[in-house]
Amino acid sequence: MRLLQRTALYQSLFALPLVVLGTAIGYGIVRHSVNREVDEQLDDHAKLLQEQLSHGGAVVAFPAPGVRVRVAPGPLVAVQFADTVVYDALEAEDIPWRIGRFPATLADGSAATITIGRSQLETDELVASIALSIAAVLILFSLCTLMLYRWLSGRLWRPFHANLQAMEQFRPDGPAPALAASNVDEFAGMARALGGMMDNMRRDYTAQKHFTEQAAHELRTPLAILQGKLDQLIQSPNMAEREAGLIQGMFVAADRMVRTIKDMLRLAKVGELHPPEVVDWPKLFHEELELLKDPIAILHLSVKTNWTENCLVKLSPLQAQVLVSNLLRNAVQHNMHGGSVHITTTRDAVTVRNTGPISGVDPSGLFQRFAKGDPSGPSAGLGLSMVQEIAEHNGYKATYVIRDGQHVLSFGRG
Amino acid sequence: MKVLVIEDEPELRRAIRGYLQEEGHLVESANDFPSALERAHLHAYDAMLVDITLPKGNGLDIVRAVRKANIACGIIIISAKDSVDDKVLGLDLGADDYLPKPFHLPELVARLRALVRRKQAGGQMAITIGNLKVIPEDKRVEVDGKLLDITATEFELLLFLVVNKERVLSRSAILEHVWGDLAERMDRDDFLYAHIKNLRKKLASRGAAELIQTIYGIGYRISDRA
């Protein structure tokens, strides 16, 4: 839930009891005042009657519409007021009445009780409409505050949301995002801190990339010397078996170094920002298979392809090429004589399944840089981490599992 | 062939120079920009090997100057930078080839030979060894004048051996040359061995002499000497 929606929700939850309570209190106060007024009128009326009765005057039972008077002999009572309900045959409904009892002394000196009732029909309506007005005012007030707050928050939080969006779209290899300026101290401080952090990240990223490239380039010249010397060394006639073995070891080590350097550079390049495009996967796989036809023929691998659906996995051309190349080379390199490679594309994924030795392979660690199924193998172990890198860059997922004794490498929407 | 090696790294310069001299080439070298430029203008070379990063200048400027002065000479750029941009720029300036470091010296020899072949009028330059004749331009191999049926890969392999005849070629140099990038991840010894075996079989079936020698633990050599 968004911040603004959440505050609005809390405000509404707060406003609701406020309206109810405010209306109730308003109703109570009005009711009380009205009752006091009515009671006073009843009291005045009673005083008049007491005066009349003490002089032996007669009492009119219905002195005015909605007023009733009754005098009954009895002991002297204290003045008391009460609410009651009287059935009105004319209106055919119960009508609230306010009743007051008063002591009176008749002309003959005997005690009596005067009961004066007054219909509350009109006052009730009045009180109800006043309460309703209070409720209306309160609701209106709450709504106005809510909307004002919402508008204000929207305005105040605008730089925050803009910066949040900038942060979400930030990539260390992309341009520096423009952060929204704000004259709110907290937001200005946050933008400053964020800007500094992003600048640092971009600088670190560039420095690291630069270092990788520089290191790779710097290593190339000494490697060229090493290889050159080795090429000269093997020309010596009558080389003994021992020396030949040593030299071969040096060639292998130099080769490994060359490959690692190339992979490091490629890895640095794969991370570059390019817009993803729709990829013609069958074409790309066929091209790469063509390059691999020699090793495939030597290992007698059977290659099956299954382009069942239009694949929607999008990548930049370079990334797609590196991905396909690494997937296939991995599948061929770690295969076995007479094995198979099965390529499948579905709407959301590209999958390569291959036979091959599975003992000692931990699928979970293979995506890490320099992780190798075979520690003494010729590759530097950067191939699959490139696959992983491409996946991360494009919001896809690369998975490697062993299923039915086969290696299954999938790339696509998780 | 007269070759100028422009390379500031003394050990590498020495290695290239030594290897090419053993090939029978006449090699001169320069270790910085001014001396390289001077030599390039003063002497006539069949080919130049130019490193891009040089003391006191850039190798690409040498390429530019040589082409501007219309000096007929093959140019191969040897660079520690292996980027498409550098390559395109170098070739645009008039270089004939671009060889990223590190490279195997037999690869350099093969590139030099190819360069000279391209420069020769008509380009007909067959390489003969024993009763075997390799015609690079037509991708043809003849044994005693008769065409030998050979795959493209086998041809590449044989040509690489032949242009470096009498030299021992390491397995990694051969793999790198024939399979390039692919060799990176595919260097199984049996992979190369299988191709050599097929090639030998085809040559033997046509009565070619046993020319391809195995140098134990190292690689192969083609030679018509015993």
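When all alpha carbon pairs of the stretch A:304-351 are counted in 10 Å bins from zero, the resulting P(r) reads 24, 50, 23, 3 %. Structure remark: mean-square fluctuation, Gaussian network model of chain A, C-alpha springs under 10 Å; the largest value among A:246, A:156, A:312 belongs to A:246.
Percent of Cα-Cα pairs more than 51 Å apart in the protein assembly as shown, please.
On the way: 87143 of 204480 pairs.
Of all Cα-Cα distances in the protein assembly as shown, 43 percent exceed 51 Å.
Helix B:105-119 and the longest principal axis of the C-alpha atoms of chain B enclose an angle of approximately 80°. The charge dipole of chain A, taken about its Cα centre with unit charges on the Cβ of Lys, Arg, Asp and Glu (plus for the first two, minus for the last two), comes to roughly 1600 debye.
Between residue A:11 and residue B:56, take the C-beta separation as r, use R0 = 60 Å, and let me know the FRET efficiency to the nearest 0.05. Walk me through the numbers before you get to the answer.
Working: r = 74 Å, r/R0 = 1.24.
It comes to 0.20.
How would you classify the stretch A:233-299 from its alpha-carbon gyration tensor, with a ≥ b ≥ c the square roots of the eigenvalues: rounded for a/c under 1.5, else prolate if a/b is greater than b/c, otherwise oblate? Cα axes put the stretch A:233-299 in the oblate bin. With the full set of protein chains in place, find how many percent of the accessible area of chain B is carbon and sulfur; take the probe as 1.4 Å. With neighbouring chains kept in place, the figure for chain B is 49 percent. Normalising by residue count, the stretch A:197-243 has a Cα convex hull of 62 Å³ per residue. Selection among A:250, A:305, A:335 by position relative to the dipole of chain A gives A:250 as farthest towards the positive end (Cβ unit charges, Cα centre).
Determine the order of A:151, A:281, A:97, A:307 by accessible area, beginning with the largest, at a probe radius of 1.4 Å.
A:151, A:307, A:97, A:281
Would you mind getting the Kirkwood hydrodynamic radius of the stretch A:207-322 from its Cα pairs, rounded to one decimal in Å?
On the way: mean 1/r = 0.0551 Å⁻¹.
The Cα-based Kirkwood calculation yields 18.2 Å.
Per residue, how big is the convex hull around the C-alpha atoms of the stretch A:1-134? Give it to me in cubic angstrom, could you?
Numbers: hull volume 17.4 nm³, N = 134.
Normalising the Cα hull of the stretch A:1-134 by residue number yields 130 Å³.
Every Cα-Cα pair of the stretch A:5-57 was included, and the share exceeding 15 Å stands at 68 percent.
Sorted from longest to shortest, the spans of the Cα atoms of the stretch B:20-165 along the three principal axes equal 54, 31, 27 Å.
With a 10 Å cut-off around each Cβ of B:97-109, the average count of Cβ atoms from other chains is 5. Using a 1.4 Å probe over protein heavy atoms, the accessible area lost on pairing A with B, summed over both chains, comes to approximately 3700 Å². Largest GNM mean-square fluctuation across B:18, B:59, B:145, computed for chain B with C-alpha springs under 10 Å, falls on B:145.
Rounded to two decimals, what ratio of Rg to Rh does the stretch A:279-371 give with C-alpha atoms and a Kirkwood Rh? Can you show the working numbers first?
On the way: Rg = 13.5 Å, Rh = 14.0 Å.
Ratio value, two decimals: 0.96.
Inter-chain Cβ neighbour count for B:170-182, averaged per residue, equals 4 (cutoff 10 Å, partner chain atoms only).
Per-residue accessible area (protein heavy atoms, 1.4 Å probe) orders B:216, A:27, B:98 as B:216, A:27, B:98, starting from the largest.
Just the Kirkwood number for the stretch B:20-78, please: inverse of mean 1/r across all distinct Cα pairs, in Å, one decimal. Numbers along the way, then the final one.
Details: mean 1/r = 0.0856 Å⁻¹.
Computed over the stretch B:20-78, the radius equals 11.7 Å.
Simple rule: put +1 on each Lys or Arg Cβ and -1 on each Asp or Glu Cβ in the protein assembly as shown, find the dipole, and look at A:45, A:63, A:167; the Cα lying farthest toward the positive end is A:167.
Only Lys, Arg, Asp and Glu carry charge here, each on its Cβ (+1 for the first two, -1 for the last two); on that basis chain B has a dipole of about 640 debye about its Cα centre.
At a 1.4 Å probe radius, carbon and sulfur cover how many percent of the accessible area of the stretch A:22-61?
59
Pairs of Cα atoms nearer than 8 Å and 6+ residues apart set the relative contact order; for chain A it is 10 percent.
How big is D, in µm² s⁻¹, for the stretch A:88-232 by Stokes-Einstein at 37 °C and 0.692 mPa s if Rh is the Kirkwood radius over C-alpha pairs? Can you show the working numbers first?
Numbers: Rh = 24.9 Å.
Result for D is 132 µm²/s.
Applying a threshold of 27 Å to the alpha-carbon distances of B:119/B:165; A:283/B:146; A:293/B:201; A:283/B:202 flags A:283/B:146; A:283/B:202 as lying beyond it.
The values are calculated or read from the model by the stated rules, or taken from the named source; none is laboratory data. Only a predicted model underlies this, so the values are computations on that prediction, with no experimental measurement involved. Reconstructed Cβ throughout: ideal geometry from the backbone, glycine too, with neighbour counts over all protein chains shown. Ligands, DNA and RNA are excluded from the accessible area calculation, which covers all protein heavy atoms including side chains. Shrake-Rupley method; radii C 1.70, N 1.55, O 1.52, S 1.80 Å.
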